[in-house]
Amino acid sequence: MSGAPSPVGPYSPVVRAGDWLVCSGQLGLQNDALADGLDQQVRLAVAGVERLLASEGASLADVVKTTVLLADIGDFAAMNDAYVAAFGGHRPARTAFAVAGLPLGALVELEAWAYLPRQA
């Protein structure tokens, strides 16, 4: 996948299942290192999802569901601000919750489901 982020573990970054695209959790990586701060990590995680979708002919507008994992639930409001800035007016269904830890010490991880019917 040209330009798509490399996985940080043994999994597929994006999988097509019929009319669905499932994007594995994306971290806020820049040049294979975590970006500084929550805002930048959210923006880069969304950009990673966007590149994965583009590799399959989809866009953020096709996203119907996201899951946001936070290292600290106290970052919820700041994550919302960065999330809205990254997604613009598009509002997919979403779940957000805090976890005990994220890969590479990330502050946020974002996964997404997109609906993209196959062309007949």
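Data for the structure
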quantity	calculated
Count of region 63-120 residues which are part of a helix (DSSP H, G or I), in contact (Cβ under 8 Å) with a residue 24 or more places away in the chain, more than 17 Å from residue 51 (Cα to Cα) and not small (Gly, Ala, Ser)	6
Qualifying residue in region 92-105 (condition: at pLDDT 95 or above, more than 23 Å from residue 37 (Cβ to Cβ), surrounded by 11 or more Cβ atoms within 10 Å (Cβ to Cβ) and out of contact with any His (no Cβ under 9 Å at 6 or more places or on another chain))	yes
Positions within region 8-54 being in a loop (DSSP other than H, G, I, E, B), in contact with a Ser or Thr (Cβ under 8 Å, 6 or more places away or on another chain) and surrounded by 15 or more Cβ atoms within 10 Å (Cβ to Cβ), in sequence order	13
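The values are calculated or read from the model by the stated rules, or taken from the named source; none is laboratory data. Everything numeric here is computed off the predicted structure, so don't read it as measured data. With ideal geometry, Cβ positions are generated from the backbone for all residues, glycine too; neighbour counts draw on all protein chains shown.
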